[in-house]
Structures are given as structure tokens and as C-alpha cells.
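The values are calculated or read from the model by the stated rules, or taken from the named source; none is laboratory data. Worth saying up front: this structure is predicted, and the values here are computed from it rather than measured. Cβ: placed from backbone, ideal geometry, glycine included. Neighbour counts: every protein chain shown. Remember, those area values only see protein heavy atoms, side chains included, never the ligands or the DNA or RNA. Shrake-Rupley method; radii C 1.70, N 1.55, O 1.52, S 1.80 Å.
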Amino acid sequence: MAQARPEETGPASVSPPSLWRDRDYMYWWSGNGLSTLGTSVSTLAFPLLVLHLTGSAAQAGVITVLHMVGKLATLAVGGALADRVSRRAILCLAPLVQAVSMGVVALLVYRGAPSITAIGAMALVSGLAAGLRVAVSMPVLRRIVPKEQIATATAQGMGRDMVAQLVGAPLGGLLYAMGRWIPFLFDAVSFLFVTLGSLLIRRPLGPDRHPGDGPRSSLAKDVGDGLRMIRRSDYLVFTLIWGAVLNAVAEGFILLFVVLIQHRGGGPTAVGLATSLAVTGGVIGAVLGPLLMGKLGARRVLIISAWVFMASFAVVVSVSQPWQIGLVVMVAMISMVPMNVVTESYEVRLVPDQYQGRVAATSRFFVQGVQWIGPLGAGILADAAGVERAILVLAAAMALLAVTLHAARRYLRVLDIPLADVEELLPPGVPPPGEESGPTAPPENDIPTPATGTKTLGEAQQR
């Protein structure tokens, strides 16, 4: 049974120690960071390889689609598995499957003239394993990090991934120039660090099993319970839908800002510079997110960030130089990341440990399942009406999302409570305290008034 950590049992006024001094957190953070770097390297190398072999941009796109399809196929099931079998085992085995698949690609390329079918199959296998790994990552993070530092850990993870992407693109190009097989071997080795870091984490990662728990339910019922858990919370339902639309709009904007640079006369170098500025903005946003939440409150950060993000859409069409476009997009990313920090941090605090995997996987499945609409729709708009008008249409969509935050006050009440004081939602079928359990007991909306005896993560793990 998990034990409460020392920093969670002390006086409330004492700040917890820095996460950088937490050995378990550093194992998790560094292992995933190296893996993200490896993925960034292979993400660049895959289209270069397919274009070299076939000259077809469409076939290069198919490889990416196969990886995405594999990931979506296992997300929901992975969330259910994360709440019923050893999370440590999933977090160790899934990266090994990814390492083997990338190792096979490296071997095929090294031996010369690899089959596109084989490369596509390995991309699909890697995506299937990635879905399982993503599904278990949020429940594991909740076990490692104290509740009052969830926002900090979320932001640090986003910042880490941004830096990995910033470094990964030029590194991937360099390794590909040295040998077409080298980026894939690099990615294969990077996955091993996730497994190693997971084995070195000392804290129990769950899920907890107790003698009186009874027989396990079916996977289908577990997935359904995750959906019912989301429906118990106005906040989770709202942010699931709002966040999915936001990500679709953001993906469309990412495509159009590249098209806009080319439309304004910029070449690949200008696109690379602007992309670097955008990623730098994401890193800055990851640093600012938790600080702004502490100073302004989560609701204000979410609303202000949404309006700044929208304004960047409108401004970017009025500048002419590629470097100016890059600066505007950097501001957009500075505002984008805090929105994700707010929504993800409060989701982690609201959902009980035994439902973390299912809820997180369901949310990501829904978001990733619709985000492709953004670039597709943006591309069609740009072809039909011009890139500037297409961006303005996205700006209008983003303005509607920002207005929705003002109109949805009752759905966002939880954001008025400091993150560390937010109490977990009751599981489906459990009546509120003081009420009898009846078949018509209404579900609890988040959010209860902060109590003086809020549970620590360690206590929550012992339930």
C-alpha cells in the first residue's frame, strides 16, 4: 500500500521541496525527455526516407497516419488497462515494443532498399505501443508528484517536450546526413531510457488492489466507467469538448503559419527560424503557466491566454516579414501552453486514482480523434479563399472559444479553487457524504467548497 510522503504530512505553510531534487520524478522526467528527443529525430527522418525511396509525399503522409491510427486504436483500452493491471509493467513493456519496431526500421534501412510496407507496419506497431504508454503516463505522474505541484510538473513536462522538439529537428537532419538508418537507431535506444527510468522509480505506481475489491469487471465496462466519471463533472465535460475544438483550431493555425511564410517569400530557412521561435514560446509558456496560476488564479490565466492566442491570429496576417511572423507565433505559443497547463492540472486533481487512466485516455482519444479536422479544414479554406482569410476564419473561431469561457462560468467553478485544495470527485454510484445511497441519487458536479482536511495524494492512494 502506498505511503504518504514526508512532504505531504507537514504543515500546510511549508513549501514542498523542488521537484528537481525528487529522484523518482527525475527518473520519470529524464526518461520521457530522452524518448521525446528520439521521437523528434525519427519524425523528421521518416518523411525524408520515404521521399528518398518513392518520391511520393502521399506515401510519406501514409506512414504518419499509420502511427496515429495505431495510437488512437489503443488509447481507450490502454486507459482501462492502466486502472486494472500494473502501470509499471505497461510503462516498461510498451517502450520496449517501440524500441524493437524502430530497431527493425534501422536494420531494414541499413541493409538497403527497405520495403515501404514493412516500414508502414513498424510505424503502426510503434503507434499501438505509444497509445498504451500515453494512457498510463498521467496516472503515473499523479503517483509521483505531490498534489500541490501537479501544475508545475505538467508545465515542466510540456517545456521539456518543446525543447526536445527544438533540438530534435536539426539533430535528426544531422544524423540522417550521416546515415539514413542512424536516426531510427537513435530513436530505438531512446525508448530504452523510459523502461530504465520506470524500473528505477521506487514509489508504487498502482493501481492498488485490496482483498475486498471483488472480481474485476470487463474492459468494456471499465471504459464505460471512465466515460461516466467524466459525465459526473461539468468541468471535465466542458474542457473535453472545448479542448478538442481548441486543438483543432491550433493545428490548423500551425499549418497556415508555415503556408503564410512561404506566401510572403520565405524559404525553408525562414520556416525553420519561425518554428524555432514558436517552440521557444512554448518553453516560455511552460515556465510562466504555474507562476501565473499562483498570481492571477487559474480562471483568469485560461481566459487571458485564450484572448491573447486569438489576437495573435489577427496580428500575424498584418506583418510582412517571416521573422515577424515567427515572433507573433512565439507569442501565440506563450499563451497556448498555459491553457493546457490549467486544464490538465485540474483534471488530474479532480479524478480519483482508480479512474485516472480511463479518464485521461478518453480525453486524449477524443481530442486527438478530431484535431485532424483543423489542418484539413484550414488547408481547404486557404486554397479556396487565400491564406490570410483562412487565418481570420480561425481567429473568429478562437474568439468564439474565448467568449465561451466567459459564458460557461458554472462549468469552470473549480478553477476558482487553488489547485492543492481541490477535492476529488466521487466515483460513479457513490452518493455524496450525508446522503443515503439511492438509485436516483443525482451525480455530484464539481466542485465542493475547499475543506480543511483535503486529502494528500498519499492518502488518496491508500483508499
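Worth pointing out:
- Share of carbon and sulfur in the accessible heavy-atom surface of the stretch 19-204 [1.4 Å probe, %]: 73
- If the segment from Ser56 to Gln262 were pulled out straight at 0.36 nm per residue, it would be longer than the present Cα-Cα gap by 72.1 nm.
- Total charge dipole magnitude, the stretch 19-204, about the Cα centre, Cβ charges on Lys, Arg, Asp, Glu only, Debye to nearest 20: 480
- By a 1.4 Å probe calculation restricted to protein chains, Trp323 has an accessible surface near 130 Å², given to the nearest 10.
- Helix 57-82 axis versus longest C-alpha principal axis of the chain: approximately 10°, rounded to the nearest ten.
- Net charge dipole size for the chain [Lys, Arg +1 and Asp, Glu -1 on Cβ; Debye, nearest 20]: 540
- With a 1.4 Å probe rolled over the protein heavy atoms of all chains, the accessible area of Tyr176, Tyr110, Tyr235, Tyr411 falls in the order Tyr110, Tyr411, Tyr176, Tyr235, largest first.
- Axis of helix 150-178 versus longest Cα principal axis of the chain: the two differ by about 20°, to the nearest ten degrees.
- Solvent-accessible area, 1.4 Å probe, carbon plus sulfur percent, for the stretch 317-414: 66
- Solvent accessible area, Å² - Lys71, 1.4 Å probe, full protein context: 50
- Chain lengthening between Ala113 and Leu199 when straightened (0.36 nm per residue, less Cα-Cα): 27.2 nm
- All-pairs Cα distance distribution in the chain, expressed in whole percent, bin size 10 Å: 4, 19, 30, 27, 14, 4, 1
- Between Met178 and Leu291, the modelled label-to-label distance comes to 3.6 nm, taking each label 7 Å out from Cα in the direction of the beta carbon.
- Computed with a 1.4 Å probe over protein heavy atoms only, the accessible surface of the stretch 29-126 comes to 41 Å² per residue.
- A straight chain from Asp383 to Val403 at 0.36 nm per residue would run longer than the Cα-Cα distance by 4.4 nm.
- Ser318 sits with roughly 90 Å² accessible to a 1.4 Å probe, with DNA, RNA and ligands left out of the calculation.
- Pairs of Lys residues in the chain are counted when their Cα atoms are under 26 angstrom apart and they lie 8 or more places apart or on different chains; the count is 4.
- Helix-only CD estimate at 222 nm, as mean residue ellipticity for the chain, using -39500 (n - 2.57) per DSSP H run (n ≥ 4): -25500 deg cm²/dmol
- Derived from the Cα gyration tensor, the three semi-axes of the equivalent ellipsoid of the stretch 217-425 are 33, 19, 15 Å, largest first.
- Heavy-atom surface of the stretch 204-336, accessible at 1.4 Å and reported per residue (Å²): 44
- For the chain, the longest principal axis of the Cα atoms and the long axis of helix 87-111 meet at an angle of about 10 degrees.
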